[in-house]
1. Keeping to the range 33-63, report how many residues are open to solvent by 70 Å² or more (accessible area, probe 1.4 Å) and modelled with pLDDT under 85.
2. Would you be able to tell me the number of residues in the range 15-32 that are within 14 Å of the chain's Cα centre (by Cα), exposed (fewer than 14 other Cβ atoms within 10 Å of the Cβ) and at pLDDT 90 or above?
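The values are calculated or read from the model by the stated rules, or taken from the named source; none is laboratory data. Nothing here was measured: the structure is a model prediction, and the numbers come from that model. As a convention, Cβ positions derive from the backbone with ideal geometry for all residues, glycine included, and neighbour counts pool all protein chains shown. Only protein heavy atoms, including side chains, enter the accessible area calculation; ligands, DNA and RNA are left aside. Shrake-Rupley method; radii C 1.70, N 1.55, O 1.52, S 1.80 Å.
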Amino acid sequence: MSTVEEMACNELVERVTEYLDAALAETDRTRFEDHVSECPGCCEILEQFRGVIRATGRLKPGDVATVDPATRDQLLAVFRDWRSAPR
């Protein structure tokens, strides 16, 4: 029996960008990958994030100023609604 705590779906969603940036500690990376391998919903979320990155490329901190303020506000509202939705 493993002493490593399994990763819950909500934690995975909160840490997906760290995973994609290769910024997770090895233990957390393993937990993340184990979870994705067994959870079709989280696998889909990971693929959606990868698709967004492929479609838009990576924004740098200075790039935020180039995003139309109305578009930025709309995107932030969508992410807030998604994050607050019951799981």
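1. Selection size over the range 33-63: 8.
2. Going through the range 15-32 one residue at a time, the tally reaches 2.
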